[in-house]
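*Asks:* Provided herewith is a single structure, encoded as structure tokens, for subsequent inquiry.
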Amino acid sequence: MDVLAWLLDSDPALRWQVLRDLTDAPADEVARERARVAHEGWGAQLLAAQDPDGRWSGGTFFPEWVSTEATLRLLRDLGLDPASPEARRALAPVHEAARWEYDPTLRFFEGEVEPCINGRTVAIGAYFGQDVRGVVDRLLGEQMADGGWNCEQEDGSTRGSFDTTINVLEGLWEHERSVGPDAAVTDARVRGEEYLLDRHLFRRRSDGTVGQDRWLRLAWPNGWRYDVGRALDHLRLTRPAPDERAQEALDVLVARRGSDGRWAPDVAHHDRLLVDLGERVGAPSRWLTLRALRVLRWAGVPADGSA
């Protein structure tokens, strides 16, 4: 089948990224398609679902997958233009209205205590032009000796966590991209990427075995969960070419391609969303196919996945 045509036959939130990442369309064409996210389809539906007080579903982190944090994260993934009037209007009340459930004195963009959540808060805040430098500084101070981060550090963990680390890395990269270069932030991000690469993106460093089978199961959206597709898509943004230590993960991604040239989720991490993205376990996924194809393009792997 014509996979590119299938990808383009979709919501503006996906189409503009296909144009940018797979077709090298002119910038003005990409921008016109991206502008539609605020007015049509999934992006418009999410914006319309905002509560009168500025939150979503009445909570900050809960209820999971439909809360303020989860919805803003999804709007970032969809590529809502942060400079658009719709985005500015939606973000204006969030910092004051969305207080973290366990401590209502903490405003949203001040972050909370877990680095996996704070990494996502930084990604959201930096993307939408909010001041999250305080959260960034906290994350820099929480990086572990091995280069990773772990939400269980306060309970005695001395090793990084793949799940926590990918959330922090995405946040630090968004801060660099949106706010501007910062040597301390870049150094911490690179150390975190090296933590993953030293483990070939899914292996234990101690004995080379697969750390967790779920890291090889593809999904979208990911929430806080790590998988090799998510890690490769992050490295695509931060590095000009793949490191040889990522080759095994690339091989995994190629192997998961269906005979029709598309990728399907192995698992769904969410039980509900505020919009139906059309993702079904075992059925071809436009989001996973876009992610995989742009990773393979970055890696110089032919469109058919052959060597």
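The values are calculated or read from the model by the stated rules, or taken from the named source; none is laboratory data. All of these numbers come straight from a predicted model, not from anything done at the bench. Methodologically, a virtual Cβ is constructed for each residue, glycine included, from the backbone with ideal geometry; neighbour enumeration extends over all protein chains shown. Surface accessibility is based on the protein's heavy atoms, side chains included, excluding ligands, DNA and RNA. Shrake-Rupley method; radii C 1.70, N 1.55, O 1.52, S 1.80 Å.
*Asks:* In the set Gly223, Gly180, which member is in contact with a helix residue (DSSP H, G or I) (Cβ under 8 Å, 6 or more places away or on another chain) and on the phi > 0 side of the Ramachandran plot?
*Replies:* Numbers: Gly180 fails: in contact with a helix residue (DSSP H, G or I) (Cβ under 8 Å, 6 or more places away or on another chain).
One residue alone meets the criteria, Gly223.
*Asks:* Please count how many residues of the range 62-75 are open to solvent by 20 Å² or more (accessible area, probe 1.4 Å), touching a Lys or Arg at 6+ places or on another chain (Cβ under 8 Å) and charged (D, E, K, R). Steps first, answer last, please.
*Replies:* So in the range 62-75, the residues open to solvent by 20 Å² or more (accessible area, probe 1.4 Å) come out as 62-65, 73.
After this cut, where a residue has to be touching a Lys or Arg at 6+ places or on another chain (Cβ under 8 Å) as well, the list is 65, 73.
Then keep just the ones that are charged (D, E, K, R); that gives 73.
The total comes to 1.
*Asks:* Related question: Could you say whether any residue in the range 241-250 is closer than 19 Å to Gly160 by Cα, surrounded by fewer than 22 Cβ atoms within 10 Å (Cβ to Cβ), in contact with a strand residue (DSSP E or B) (Cβ under 9 Å, 6 or more places away or on another chain) and without any contact (Cβ under 8 Å) to a residue 60 or more places away in the chain?
*Replies:* Scanning the range 241-250, I find no residue that is closer than 19 Å to Gly160 by Cα, surrounded by fewer than 22 Cβ atoms within 10 Å (Cβ to Cβ), in contact with a strand residue (DSSP E or B) (Cβ under 9 Å, 6 or more places away or on another chain) and without any contact (Cβ under 8 Å) to a residue 60 or more places away in the chain, so the answer is no.
*Asks:* Would you confirm, using the coordinates I've provided, whether Arg88 is more than 18 Å from the chain's Cα centre (by Cα) and part of a helix (DSSP H, G or I)? Break it down into steps so the answer makes sense when it comes.
*Replies:* Working: more than 18 Å from the chain's Cα centre (by Cα): yes; part of a helix (DSSP H, G or I): yes.
Judged against the criteria, Arg88 is a match.
Table: residues versus (1) modelled with pLDDT of 95 or more; (2) of a type in the set (Lys, Arg); (3) surrounded by fewer than 19 Cβ atoms within 10 Å (Cβ to Cβ); (4) more than 30 Å from Gly58 (Cα to Cα).
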position: Ala268; (1), (2), (3), (4): yes, no, yes, no
position: Asp271; (1), (2), (3), (4): no, no, yes, no
position: Thr289; (1), (2), (3), (4): yes, no, no, yes
position: Leu293; (1), (2), (3), (4): yes, no, no, yes
position: Pro302; (1), (2), (3), (4): no, no, yes, yes
position: Ala307; (1), (2), (3), (4): no, no, yes, yes
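*Asks:* Looking for something in contact with a Phe, Trp or Tyr (Cβ under 8 Å, 6 or more places away or on another chain), among the small types (Gly, Ala, Ser) and crowded, with 23+ Cβ neighbours inside 10 Å - is there at least one such residue anywhere in the range 137-147?
*Replies:* Scanning the range 137-147 turns up no residue that is in contact with a Phe, Trp or Tyr (Cβ under 8 Å, 6 or more places away or on another chain), among the small types (Gly, Ala, Ser) and crowded, with 23+ Cβ neighbours inside 10 Å.
*Asks:* Given the residues Val210, Val254, which is the only one that is more than 19 Å from Asp146 (Cβ to Cβ) and more than 16 Å from the chain's Cα centre (by Cα)?
*Replies:* Numbers: Val210 fails: more than 19 Å from Asp146 (Cβ to Cβ).
Of Val210, Val254, the one residue that is more than 19 Å from Asp146 (Cβ to Cβ) and more than 16 Å from the chain's Cα centre (by Cα) is Val254.
*Asks:* Something else about it: Identify the residue in the range 144-185 that is modelled with pLDDT under 95 and among the polar types (S, T, N, Q) and, among all such residues, is nearest to Arg76 (Cα to Cα).
*Replies:* Gln153
*Asks:* Let me ask something additional. Does Tyr195 satisfy being at pLDDT 95 or above, part of a helix (DSSP H, G or I) and not hydrophobic (A, V, I, L, M, F, W, C)?
*Replies:* Details: at pLDDT 95 or above: yes; part of a helix (DSSP H, G or I): yes; not hydrophobic (A, V, I, L, M, F, W, C): yes.
Yes.
*Asks:* To continue, here is another question. Could you list all residues from the range 5-43 that are surrounded by 13 or more Cβ atoms within 10 Å (Cβ to Cβ), in contact (Cβ under 8 Å) with a residue 24 or more places away in the chain and under 14 Å from Ser84 (Cβ atoms)?
*Replies:* Step one: of the range 5-43, the residues surrounded by 13 or more Cβ atoms within 10 Å (Cβ to Cβ) are 6-8, 10-23, 25, 29-38, 40-43.
With the extra rule that they be in contact (Cβ under 8 Å) with a residue 24 or more places away in the chain, the set shrinks to 6-7, 10-14, 16-18, 21-22, 34-38, 40-43.
Residues satisfying the conditions are Pro12, Ala13, Trp16, Arg34, Ala35, Arg36, Val37, Ala38, Glu40, Gly43.
*Asks:* Look at Ala255 and say whether it is open to solvent by 30 Å² or more (accessible area, probe 1.4 Å), of a type in the set (A, V, I, L, M) and under 24 Å from Val66 (Cα atoms).
*Replies:* Numbers: open to solvent by 30 Å² or more (accessible area, probe 1.4 Å): yes; of a type in the set (A, V, I, L, M): yes; under 24 Å from Val66 (Cα atoms): no.
No, not satisfied.
*Asks:* Considering (1) closer than 20 Å to Arg15 by Cα; (2) touching a His at 6+ places or on another chain (Cβ under 7 Å); (3) of a type in the set (Gly, Ala, Ser), say which one Ala249 fails and leave the rest.
*Replies:* Every listed condition holds for Ala249 apart from (1).
*Asks:* Which of (1) part of a loop (DSSP other than H, G, I, E, B); (2) out of contact with any Asp or Glu (no Cβ under 7 Å at 6 or more places or on another chain); (3) surrounded by 14 or more Cβ atoms within 10 Å (Cβ to Cβ) does His200 not meet, given it meets every other one?
*Replies:* Against the list (1) part of a loop (DSSP other than H, G, I, E, B); (2) out of contact with any Asp or Glu (no Cβ under 7 Å at 6 or more places or on another chain); (3) surrounded by 14 or more Cβ atoms within 10 Å (Cβ to Cβ), His200 comes up short only on (2).
Conditions (1) over 15 Å from Glu170 (Cβ atoms); (2) open to solvent by less than 10 Å² (accessible area, probe 1.4 Å); (3) touching a Cys at 6+ places or on another chain (Cβ under 7 Å), marked per residue:
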{"residue": "Asp53", "(1), (2), (3)": "yes, no, no"}
{"residue": "Thr60", "(1), (2), (3)": "yes, yes, no"}
{"residue": "Asp81", "(1), (2), (3)": "yes, no, no"}
{"residue": "Pro93", "(1), (2), (3)": "yes, no, no"}
{"residue": "Tyr102", "(1), (2), (3)": "yes, no, no"}
{"residue": "Phe108", "(1), (2), (3)": "yes, yes, no"}
{"residue": "Gly111", "(1), (2), (3)": "no, yes, no"}
{"residue": "Val132", "(1), (2), (3)": "no, yes, no"}
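*Asks:* Inside the range 212-233, can you point out the residues that are open to solvent by less than 10 Å² (accessible area, probe 1.4 Å) and assigned to a helix (DSSP H, G or I)?
*Replies:* Result: Val228, Gly229, Ala231, Leu232.
*Asks:* Same structure again: Filter the range 156-185 down to the residues that are β-branched (Val, Ile, Thr) and open to solvent by 40 Å² or more (accessible area, probe 1.4 Å) and list them by number.
*Replies:* Of the residues in the range 156-185, the ones β-branched (Val, Ile, Thr) are 158, 164-166, 168, 179, 185.
Scanning the range 156-185 gives Thr158, Val179.
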